[in-house]
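Accompanying notes for the structure given below.
The values are calculated or read from the model by the stated rules, or taken from the named source; none is laboratory data. Every value quoted in this text rests on a predicted model; they were computed, and no experiment measured them. FYI the Cβ positions are ideal-geometry reconstructions off the backbone, even for glycines, and counts take in every protein chain you see. Accessible surface is based on the protein model in full, side chains and every heavy atom, while ligands, DNA and RNA are left aside. Shrake-Rupley method; radii C 1.70, N 1.55, O 1.52, S 1.80 Å.
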Amino acid sequence: QQPVQSPQAVILREGEDAVINCSSSKALYSVHWYRQKHGEAPVFLMILLKGGEQKGHEKISASFNEKKQQSSLYLTASQLSYSGTYFCGTENSGNTPLVFGKGTRLSVIA
Amino acid sequence: KAGVTQTPRYLIKTRGQQVTLSCSPISGHRSVSWYQQTPGQGLQFLFEYFSETQRNKGNFPGRFSGRQFSNSRSEMNVSTLELGDSALYLCASSSSRGNYGYTFGSGTRLTVV
């Protein structure tokens, strides 16, 4: 079951904040977040596990609401290097595949 | 350490032909997953292998097949190519499920003409 991401695209100025949401119609075991720059492979950002805590570092963090089957990625004080397409991937159990949403295109401009 | 290696990087094939793509995971990683990426559909799951066993399969026709070898290297095969098979095929490896992320290769860009 493919998770749904929102928004589909967002444009930010440097220093602004953004939130990207990921929701599933099924119970979630884990949520992954990846960033893909144009012409490159997706790069792993973080994983949130059922029962786990919010993760991240100072400027990029994520939360996982198990009851609502949702996760959100928070980007604060955005930098030009944050530009790219962000994908969330979800696993419904320890034995199901990692399925990705369609992505959110983030553009940071000066 | 070396990353995930996919070969070839680019392929041009004719409709009706078949193609084999290769993926060498990070040393020590036993899980390999394959994804098809197209502009409209994002990353679509194809297969997942672990210790030479197919653990999961996505919703793709039987023309798409794969396998994993004892050294964890994986191949996927697409037979009777169609124009719609044109895509970037990405392979990702992981040391174990659930606690770690996946490392992706740079992909194989397949164009079917």
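The table below gives the values:
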item	result
Reach of B:Lys13 by Cα under 14 Å, taken over aspartates and glutamates that are not fewer than 8 positions away in the same chain	B:Glu82, B:Asp85
Cβ-derived FRET efficiency at R0 22 Å, B:Ser51 paired with B:Ser79, nearest 0.05	0.30
Under DSSP loop assignment and at most 14 Cβ neighbours within 10 Å, longest chymotrypsin sites (Phe, Trp or Tyr not before Pro)-free interval of chain B	B:1-68
Dipole magnitude (debye, nearest 20) for segment B:11-86, charges at Cβ of Lys, Arg, Asp, Glu	80 debye
Listed residue pairs exceeding 26 Å between alpha carbons, taken from A:Lys59/A:Lys102; A:Lys67/B:Lys57; A:Lys26/A:Lys59; A:Lys26/B:Lys57; A:Lys37/A:Lys68	A:Lys67/B:Lys57; A:Lys26/A:Lys59; A:Lys37/A:Lys68
Apportionment of accessible area to carbon and sulfur, the protein assembly as shown, percent (1.4 Å)	48 percent
Accessible surface buried upon A-B contact (total; probe 1.4 Å; Å², nearest 100)	1600 Å²
Partner aspartates and glutamates for A:Lys50 [C-alpha distance under 18 Å; skip if fewer than 8 residues away on the same chain]	A:Glu66, A:Glu91
Dipole in debye (nearest 20) - chain A, about Cα centre, beta carbon charges: Lys, Arg +1; Asp, Glu -1	240 debye
Label-point separation, A:Gln8 to A:Glu66 (7 Å along Cα→Cβ), nm	3.4 nm
A:Leu49 paired with A:Leu80, simple spin-label distance in nm, labels 7 Å along Cα-to-beta-carbon	3.9 nm
